[in-house]
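The values are calculated or read from the model by the stated rules, or taken from the named source; none is laboratory data. Every value quoted in this text rests on a predicted model; they were computed, and no experiment measured them. Neighbour counts run over all protein chains shown; Cβ positions are idealised from the backbone, glycine included. The area values use the complete protein model at the heavy-atom level, side chains included, leaving out ligands, DNA and RNA. Shrake-Rupley method; radii C 1.70, N 1.55, O 1.52, S 1.80 Å.
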Amino acid sequence: MQNLPENILADIESIGKIPAVSHILEIVCRSTGMGFAAVARVTSDQWITCAVLDKINFGLLPGSELNLETTICNEIREHHKVVVIDHVAEDEEFANHHTPLLYGFQSYISVPIILKNGEFFGTLCAIDPSPANLKNTSVVGMFKMFADLIAFHLDALQQIAISEQTLQKERETADFREQFIAILGHDLRNPLNAVSSSAQLLARLSHENRAQRLITIIKDSSFRMNGLIENMLDFASGRLGDGISITRTPNEDLEQVLIQVIEEMQAISPTRKIKIDFNTVHPVSVDGKRIAQLFSNLLGNAITYSPADATIEITASSTEDEFNLCVANPGKAIPPAAMERLFQPFSRGEVEPSQKGLGLGLYIASEIAKAHGGGLTVSSNVEKTCFTLSIPSK
């Protein structure tokens, strides 16, 4: 088989992957009394055996080749019809045909194998040096059924191969995309940290009001850009990897975690009013950094989507069973259509020109909640919008 084309070798391999073929050939020989049965790959220039059952020492093995012009299968390739011969010597059409004269058989049956796309693959055939009773609906029907079964398996194998190729390409694309985003996030952090550090240094060196306003803008932009980078990297991890990972700390000091986020936010937006009500007396096992990230996204949204003079209300409580965190703010009600896709990536509510973003914050927050075995819900009306985190305490 070494000299066969790669596509023919692939076809032989495909037939070899179909366990039913060997049983089909055995049933064909047993039910007809014939000594040789095969599945042949027939092209415009080759006749190759893919599977063989030879009880009469005809001399063919898988990968054996006959001269195409010497076979009846070559004619079947052209007209796609079944050929059945009970007794060559008594058959008017085939008594003097060159094929039985050359190969010395008296009984013959061959059924075309047609793939789902209409392509002619080859034949399921059987021969024997003795006459046989083949011209009946039972035998012909059996051969047609087996030919269809082989075609079905070949189509299935082809679809599996295509799916595996597609999946491999998608995996390669996903790996490349994840690496690209990770590198991009790393490379963005370096200049961003430089900008943020420079802003802090300028804040200490200059006390002019105009300069302080510009420095505040730089710090605000740096903070928001850092949040975008974090969300982008977590999105890549959650969608392309194994989800957002967490490392729980028993008895995490969540009040301190939440207060630190509030202080960071108020340093950027010092005029915003934030009211807190914490009651976290029961210990909670969570990933403090991830909860801080989730809370930062929720509080940032509340600041962005509420009037400048509004008071944002934050409540947190813990029991033996559950930890709850609610961030509520006045503002426009979230439309029902937006509510349905609020926690999907790249989905945002109605935004003003100054409220642009990737639309990943709520998606990341929701994924962090899921990673903790909890959930994030939202309620919204004309009076206020409230996002509520609920996760098990242990």
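In summary, Gly349 fulfils each of the numbered conditions (1) more than 23 Å from the chain's Cα centre (by Cα); (2) modelled with pLDDT of 90 or more; (3) over 19 Å from Glu313 (Cβ atoms); (4) surrounded by 19 or more Cβ atoms within 10 Å (Cβ to Cβ) with the single exception of condition (2). Annotation: Ala292 fulfils all but one of (1) in contact with a Phe, Trp or Tyr (Cβ under 7 Å, 6 or more places away or on another chain); (2) of a type in the set (A, V, I, L, M); (3) more than 25 Å from Gln212 (Cα to Cα); the unmet one is (1). Quick check on the range 38-50. Is at least one of its residues more than 18 Å from Ile114 (Cα to Cα) and surrounded by 14 or more Cβ atoms within 10 Å (Cβ to Cβ)? No, that holds for no residue. Applying the condition of being under 13 Å from Cys386 (Cα atoms) and of a type in the set (A, V, I, L, M) to the range 285-315 and asking which residue is surrounded by the most Cβ atoms within 10 Å (Cβ to Cβ) yields Leu298. From the list Glu208, Glu264, Glu230, the lone residue that is modelled with pLDDT of 70 or more, farther than 25 Å from Ile364 by Cα and among the acidic types (Asp, Glu) is Glu208.
Set side by side, the residues Arg290, Arg224 differ, and just one is modelled with pLDDT under 85, in a helix (DSSP H, G or I) and either out of contact with any helix residue (DSSP H, G or I) (no Cβ under 7 Å at 6 or more places or on another chain) or of a type outside the set (Val, Ile, Thr) (or both), which is Arg224.
The set of residues from the range 91-109 being over 15 Å from Asp128 (Cα atoms) and either of a type in the set (Val, Ile, Thr) or open to solvent by 60 Å² or more (accessible area, probe 1.4 Å) (or both) comprises Glu92, Glu93, Asn96, His98.
Out of all the residues in the range 375-386, is one or more modelled with pLDDT of 90 or more, among the hydroxyl-bearing types (Ser, Thr, Tyr), within 32 Å of the chain's Cα centre (by Cα) and surrounded by fewer than 19 Cβ atoms within 10 Å (Cβ to Cβ)? Yes, the conditions are met somewhere in the range 375-386.
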